[in-house]
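Working notes, structure below.
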Amino acid sequence: MRETISVKDFGAVGDGGTDDTAALTAAAAALQDGQTLNFDNGTYLISYQGTPYSSTYGNVVMNFNGLTDIVFNGEGATIKVVNHNITTYGGLRFMNFTSCKRVVISGFTFDMTYVGVSSSGSYYPFCGAITSLDADGAAPDFATLNSDFIFSDIKFKLYHPYGNWATTTNPI
């Protein structure tokens, strides 16, 4: 039987007013192979925590490396970026998976709205909900990714400071 843990066990509130970044980072660090991480319905606020402009992709709230058979149940949860200025902080991602296998993510709405602009000639900071990398840090070949991730019942709202935004329920 699959062991289930909750982000609330790590202090996440999901009330739309509390910054849940530290609690979600702690929940990610505790997740092990074969476990399910539940988010109760609510709005979980995430924000920048770390060194400015660490990379194009920036900071990560929930980072997973080498895990297998993990499930994320959103149950209608919204993940919302707050107070994130890419001019100062660079990119921000909610979930990053490196060399993970058989991952299921369902029942989330991601609002990755941010402010600011970048004048960097080398890269433009990336704010994204979910990223996946191979062990060498490169984007995975989609031929090897198709059987490893299942996404369902997910909505993404992405906002660019120049006024462009989009909402999609079919991003893959």
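Just so you know, all these numbers are worked out from the coordinates, no wet-lab data involved. Owing to the predicted nature of the structure, the values given are computational and were not obtained by experimental measurement. Using ideal geometry, Cβ is built from the backbone for each residue, glycine included, and neighbour counts are taken over all protein chains shown.
Here the calculated FRET efficiency for ALA26 and THR87, from their Cβ-Cβ distance with R0 = 35 Å, stands at 0.80, rounded to the nearest 0.05. For THR18 and SER106, a Förster radius of 25 Å and the Cβ-Cβ distance give a FRET efficiency of 0.55, rounded to the nearest 0.05. Taking a ≥ b ≥ c as the square roots of the Cα gyration tensor eigenvalues, with a/c under 1.5 meaning rounded and otherwise prolate when a/b beats b/c, else oblate, which class fits region 1-91? Here region 1-91 falls in the oblate category. Extension gain, ILE5-ASP33: 0.36 nm per intervening residue step, less the Cα-Cα distance, totals 8.9 nm.
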